[in-house]
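Visitor: This is the structure I want to talk about, given as structure tokens.
Readers should treat all values here as calculations from the given coordinates under stated rules, not as data from a laboratory. On a predicted model such as this, the values are computed, not experimentally measured, just so you know. Heads up, the Cβs are rebuilt from the backbone with ideal geometry, glycines too, and the neighbour counts pull from every protein chain shown.
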Amino acid sequence: MVIMLIQIPKARTSQPSGEIRRDSLARFFLGPLAGVANRRKFLTQFEVARGRLRSQRQAYALLIADVDHCKAINDSFGHQAGNLALSLLSNRLDSCVRNGDSIGRIGGEKFAILLADCDPKAAAERAESIKDRVATAPLGLGDLQIPVTISIGGVAIADPRCSFNDAYSQATRRLYRAKQAGRNRVQMEDPSVADED
Ligand SMILES: Nc1nc2c(ncn2[C@@H]2O[C@H](COP(=O)(O)OP(=O)(O)OP(=O)(O)O)[C@@H](O)[C@H]2O)c(=O)[nH]1
């Protein structure tokens, strides 16, 4: 993504100048996130991958990534800075995926990631790597450094009968287990019967 320099208006209130700068940047960034599909476009991309699985037997994976403690980020840095952090996070996610993969924003602080042409083992490794790369360094927002981690629930898809809704609900269930297990984690499987005892 190209970040353009923008003219920041002079302060007319007693608001600290750093805050004004962040507000202006937030207005600049708000709206759809660069390189990130909305829900409808992401669904279309999911159906394309599903078609490839049917015709070419290319397995793929759906990951649902959710920012950990997003409320605490907003509370500590302000909602506008939270918006900017989500923009920067989408850039970082974008840098973690390959050509042919897709990223969609499916909720305020929730992203869907489609890993194309990917078997279950590779999907789990790539999900771990995405989670680790997000946590590697804080997101830099001018003078602010915002540490962000994500939790991921994912499903490797090798059966074309698996619809988006099926995959989404399975991935979301796993996401909540990743949250319960402490966050900054990936969950790509359901617990075995033995684990539940
Ligand atoms: N700044 C900003 N915050 C958002 C946006 N969308 C959702 N949020 C915030 O994300 C938070 C989601 O809250 P919760 O679902 O309780 O979870 P959380 O604080 O992220 O904690 P977890 O349990 O780790 O998910 C709320 O405080 C929302 O205000 C957004 O577009 N911008």
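Visitor: Given labels modelled 7 Å from the Cα in the Cβ direction, how far is it in nm from Thr44 to Asn74?
Guide: Here the answer is 3.0 nm between the modelled labels.
Visitor: Still on this structure, I have one more. Can you tell me what percent of all Cα-Cα pairs in the stretch 66-167 are more than 20 Å apart?
Guide: 40
Visitor: Count the lysine pairs in the stretch 17-196 whose Cα atoms sit under 21 Å apart, keeping only pairs 8 or more residues apart in sequence or on different chains.
Guide: 8
Visitor: Separate question: Please report, in debye to the nearest 20, how large the charge dipole of the stretch 108-148 is about its Cα centre when each Lys and Arg carries +1 at its beta carbon and each Asp and Glu carries -1 there.
Guide: I would put it at about 60 debye.
Visitor: Rounded to the nearest 0.05, what FRET efficiency do Asn91 and Arg177 give with R0 = 25 Å and r taken as the Cβ-Cβ distance? Could you check?
Guide: Efficiency computed from Cβ-Cβ geometry: 0.35.
Visitor: From Cα pairs below 8 angstrom and at least 6 apart in sequence, can you work out the relative contact order of the stretch 17-196, rounded to a whole percent?
Guide: Here the relative contact order equals 27 percent.
Visitor: Along Cα→Cβ, 7 Å out, is where each label goes; now give me the distance between the ones at Lys121 and Arg57 in nm to one decimal.
Guide: 1.7
Visitor: List, in order, the whole-Hz ³J(HN,Hα) value for each residue of the stretch 150-165 obtained from phi through the Karplus relation with A = 6.51, B = -1.76, C = 1.60 and θ = phi - 60°; use x for Gly and Pro.
Guide: Taking θ as phi minus 60°, the curve returns 10, 10, 10, x, x, 9, 8, 10, 10, 10, x, 6, 6, 7, 4, 4 Hz for the stretch 150-165.
Visitor: What are the ³J(HN,Hα) values, in whole Hz, obtained from phi via the Karplus relation 6.51 cos²θ - 1.76 cosθ + 1.60 with θ = phi - 60°, for each residue of the stretch 94-108 in sequence order, with x given for Gly and Pro?
Guide: Here the 3J(HN,Hα) series is 4, 6, 8, 9, 9, 4, x, 7, 9, 10, x, 9, 10, x, x Hz.
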